[in-house]
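Here the structure is laid out as structure tokens; the discussion comes afterwards.
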Amino acid sequence: MNSFSSRPADVVIVGGGIIGLLSARLLAQQGLRVRLLEAGSIGTQSSWAGGGILSPLCPWRAPEPVTALCSLSQTLYPQLAAALFEETRIDPEWTRSGLVFVDSAEIAEGLAWCEQKAVETRLLLPDDLQALEPALSRAGAASLWLPSIAQVRNPRLLQALRASLVKLEVDLVELQQVTGFETSEGRVTAARTEKGWHAAERFVVAAGAWTAKLLAELGSTLPIAPVKGQMLAYGAAPGLLSRIVVSGDRYLIPRRDGVILAGSTVETVGFDKTTTEDARGQLTNFAERLLPPLRDAKILRHWAGLRPGSPSGIPYIGHHPQLHNLVLCAGHFRNGFVMAPASCQLLADLLLDRPTALPPEPYALDAAH
Ligand SMILES: Cc1cc2nc3c(=O)[nH]c(=O)nc-3n(C[C@H](O)[C@H](O)[C@H](O)COP(=O)(O)OP(=O)(O)OC[C@H]3O[C@@H](n4cnc5c(N)ncnc54)[C@H](O)[C@@H]3O)c2cc1C
């Protein structure tokens, strides 16, 4: 077996999305020599394509294991964003913009959930909302405002993570797709790419929507499948909208520089990432009806990403049942950013055999998800 690199790694991580990058940072900070293998370019798949809202769209609908990861992550994010800025001078724009649900038929459920979880909330009558967000179309009924919900500018967070990993001397290997693994006596000994083998003591698979394909190489099945999401970015004047606004299962996200994202579609069409005129029409109708000044704003970009879908949105985080030095962290579906710091903390705890930040059972590979 030809080893690809003479520098041995303690851990090889497969996948350079938010999950692989954040895991690499946590493990390198513990003094491990980490190599990260990425099939394309780091941070250009689902993690780049997402919206960066640091909450499930309707948090009251999320299963408890998802809520547990989100709640822990929400406490970790301000410090993570500040530390990354300090280290790299790249600002991930963590912003507590708040989130407003307009025309929601689930106000009662939302209020009850917020009260139970001690999440700050306010009920806004149509006049109240108009005073806060004058450019929005007038709401037909009361809206629910969660002022503490934050967002990050995900492409910038990914850039900051990458720069942080370079400083931590993580070996970043791009354009190398892992095509299989070498195993011996219940352990993985190396990951195979078209350019060679990468040996290590331990392995992490964080391959997003592609995770099931990769695990099939090991004879394992996991119900993680791609779910396409299309988004638009409008260039608007800064301040046109201040809060994230959710209506139905669509949303607008205002960035600090005036860019407003309109998302997103939920499509099960396999590994197809093409954008469609139909989705563009649906998103512009939604966005321009909710925020009429967008009719005069330029659409800067239209893109699609493949979310790593799992049956109930609960990610798989845990040891492979047969190959004990392989840990998996994938299947975050629509909430990969909000769950990432807590998920990667749990992964690092499991990999390093130390007490876990959260009970790991609900995320185990053989748990009923
Ligand atoms: C339109 C849209 C909007 C979203 N909005 C939000 C939001 O507002 N808030 C939120 O929390 N989440 C959101 N999400 C979900 C979030 O983006 C994902 O859950 C998250 O990015 C998943 O991260 P990941 O690292 O698992 O996957 P990815 O970012 O897809 O990373 C996986 C990486 O693994 C690499 N890879 C795959 N196979 C191999 C292989 N064999 N060898 C080497 N490398 C491999 C891929 O190239 C890829 O770079 C959104 C997603 C989309 C698409």
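Listing for the model above:
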item: Test: T193 is out of contact with any Asp or Glu (no Cβ under 8 Å at 6 or more places or on another chain) and of a type in the set (S, T, Y); result: yes
item: Residue ID - nearest to K213 (Cα to Cα), chosen from residues in region 8-22 that are out of contact with any strand residue (DSSP E or B) (no Cβ under 6 Å at 6 or more places or on another chain) and near the ligand (Cβ under 10 Å from one of its atoms); result: G15
item: A206 under 26 Å from L22 (Cβ atoms) and either within 13 Å of the ligand (Cβ to nearest atom) or in contact with a Lys or Arg (Cβ under 6 Å, 6 or more places away or on another chain) (or both); result: yes
item: Pairs where the first residue, in region 283-304, is in the same structural domain as R138 (by TED's automatic domain parsing) and the second is β-branched (V, I, T) and surrounded by 13 or more Cβ atoms within 10 Å (Cβ to Cβ), C-beta under 6 Å, 6+ apart; result: H302/T275; A304/T275
item: R334, sole failed condition from (1) of a type in the set (K, R); (2) under 15 Å from V66 (Cβ atoms); (3) more than 16 Å from the ligand (Cβ to nearest atom); result: (3)
item: Single unsatisfied condition, L57 versus (1) at pLDDT below 95; (2) closer than 23 Å to E194 by Cβ; (3) of a type in the set (A, V, I, L, M, F, W, C); result: (2)
item: Subset of region 71-110 [at pLDDT 95 or above, outside any loop (DSSP other than H, G, I, E, B), surrounded by fewer than 19 Cβ atoms within 10 Å (Cβ to Cβ) and hydrophobic (A, V, I, L, M, F, W, C)]; result: L72, L76, A82, A83, F85
item: Residue count for region 258-306, restricted to those that are part of a loop (DSSP other than H, G, I, E, B), closer than 28 Å to E93 by Cα and within 22 Å of the chain's Cα centre (by Cα); result: 5
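The values are calculated or read from the model by the stated rules, or taken from the named source; none is laboratory data. Because the structure is predicted, anything quoted here is derived from the model rather than measured. Cβ: placed from backbone, ideal geometry, glycine included. Neighbour counts: every protein chain shown.
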